[in-house]
Amino acid sequence: MFFDLQTTNQQNEYVNLLKLIGALSNLFSESAIPYLHYRVAERLFCKAFDAEDLSRSDVSADAKKGLIGIGLKTFLANNNKSLQKIAEFNNDRPQYKDLNSFDKIKKIAELRNSRIEFTESVHGINNSIYHCIIRGKGIFSVFEEPMHLIDIGNIKNIKAKSTSISFNDDKSEYSFSLSKSTLFKRFNTQKVLNEFDVDILNDPIEQLQDCFLKRINVLKKDISLEHSSLNELNLSKKERIKRTIFLPLYGSKQKVYERSGLNQWNAKGRPRHPNEVYIPVPIIIHKYFPDFFPDRETPFSLKLPNGKTMKSKICQENGKALMSYSNRELGDWILRDILKLKVWELLTYDKLKIFGIDSVRIDKISDLEFEINFSENNSFENFIQQFS
């Protein structure tokens, strides 16, 4: 699916990196089963396979390579039939909390499917898979399977308990935790793509100390430290992202106004193109980050999640609008490609909630280079709470 299609060198590098991290397991536990934190697993995967890291983007895939989206997971082998978390719906509770068991599961399935489709639209993905590292006694195993949409028309065997509802379709078994608003899927991991031993070091701290001292000695030979400090050596890679802010896709009180913002095309006055929109830039952003964006006379590049770049600018009175240089390009991307709205169809906050997003994250790379990614519900509200 993915692993077998990569080069032998990349596969070997991935396995060696996993063995290296697994060898340090006694830093965290005394178990014979090697330890692997999920964030470390994500970074190793992206490094070995030169994949794009999507873990900051609040989407259903953690990485992307080519046209494939990859959900990365690591868990214990147990009986090779493990239930694992695949999605959370805390912010969507009002949409399903009063429904009966069948309608509740149907709504959760719709939300899950919308998130996968949204991720694929935003990042230019053709299909999505799960890539899993299964942890057993002294071993790691590589397992993959498709990230299927839930087949809503074939949902069956719904069994409601006080704390959860289990169900399945024709491909997978699921369980939804009522208290945690979390969807779990059963992974049947008997057939793996690769399996390899992990030699856990008895005393990894001692080994790390030795490696560190050897490294320092090499540096002392190559670099004069007489008039330098470790900070002046600048051995670490310079941070790529200078600053991050969040912008809402709605107006005040989490309402998408009918005649402004992403519905600007519906404003009164002159005739407008149906793709004419802007992303609101609240005044509080300019107050606390006055130099984040260039002035209104200066265009800048805005890199989209799919890798394309959109020439953009800050517009309107008090710089309240982020627009594409062509005032139709931004709307064509958000309204048509991502949200799948029909021409002349109004965007509502309820529509945003279906996709689990109501904000965008803007990363500043340089004074004239920015990147945009969608962000989960309440991201902007949580961001500005720091300043109010």
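The values are calculated or read from the model by the stated rules, or taken from the named source; none is laboratory data. Everything quoted here is computed from the prediction, not taken from an experiment. Every residue, glycine among them, receives a Cβ derived from its backbone with ideal geometry; neighbour counts consider all protein chains shown. Note: areas computed on protein heavy atoms with side chains; ligands, DNA, RNA excluded. Shrake-Rupley method; radii C 1.70, N 1.55, O 1.52, S 1.80 Å.
Residues of region 86-103 with an amide N closer than 14 Å to a point placed 7 Å from the Cα of residue 160 along the Cα-to-Cβ direction: 96-103. Of all aspartates and glutamates in the structure, the ones whose alpha carbon falls short of 13 Å from that of residue 19, not counting any fewer than 8 places away in one chain, are 195, 197, 199. Across region 13-50, the residues whose backbone nitrogen lies under 16 Å from the label position 7 Å along the beta-carbon direction of residue 195 are 33-34. Extension gain for residue 241 to residue 342 (0.36 nm times residue separation, less C-alpha to C-alpha distance): 32.8 nm.
The 3J(HN,Hα) values that the Karplus relation (6.51, -1.76, 1.60; θ = phi - 60°) gives for region 334-347 are, in residue order, 6, 6, 8, 5, 9, 7, 6, 7, 6, 4, 6, 8, 6, 7 Hz. Gly and Pro appear as x. What are the aspartates and glutamates whose alpha-carbon lies under 16 Å from the alpha-carbon of residue 253, with same-chain residues fewer than 8 places away excluded? Counting by Cα, and skipping residues close in sequence, residue 253 has these aspartates and glutamates nearby: 350, 358, 381. Anisotropy class assigned to the chain is oblate, per the alpha carbon gyration tensor with a/c at or over the 1.5 cut-off and a/b no larger than b/c.
In percent, rounded to a whole number, the relative contact order of the chain is 15, using alpha-carbon pairs under 8 Å and six or more apart. Taking Cα centre as origin and charging only the Cβ of basic (Lys, Arg, +1) and acidic (Asp, Glu, -1) residues, the dipole magnitude of region 286-388 rounds to 300 debye. Per residue of the chain, the DSSP helices (runs of n ≥ 4 H) give a summed -39500 (n - 2.57) that works out to -7500 deg cm²/dmol at 222 nm.
Only the Cβ atoms of Lys and Arg (+1) and of Asp and Glu (-1) were treated as charged; on that basis the dipole of the chain about its Cα centre amounts to roughly 1060 debye. Loop-located trypsin sites (Lys or Arg not before Pro) in region 43-150 (DSSP state not H, G, I, E or B) with no more than 14 neighbouring Cβ atoms inside 10 Å: 56, 97, 137.
As a length-normalised measure over Cα pairs under 8 Å and 6 or more apart, the relative contact order of region 87-205 settles at 25 percent.
Ignoring ligands, DNA and RNA, please state the percent of accessible area on the chain from carbon and sulfur, probe 1.4 Å.
Carbon plus sulfur share of accessible area: 47 percent.
Summing Lys and Arg as +1 and Asp and Glu as -1 over all other residues whose Cβ lies under 15 Å from the Cβ of residue 247 gives a net charge of 0.
Name the residue from 300, 33, 114 whose Cα lies farthest towards the positive end of the charge dipole of the chain, charges +1 on Cβ of Lys and Arg and -1 on Cβ of Asp and Glu. My answer, from the dipole projection, is 114.
Placing R0 at 22 angstrom, the Cβ-Cβ distance between residue 297 and residue 369 gives a FRET efficiency of 0.80 after rounding to 0.05. Averaged per residue, the chain has 53 square angstrom of accessible surface, using a 1.4 angstrom probe with ligands and nucleic acids left out. Placing a pseudo-label 7 Å from each Cα along the Cα-to-Cβ vector at residue 28 and residue 79 gives an inter-label distance of 2.6 nm.
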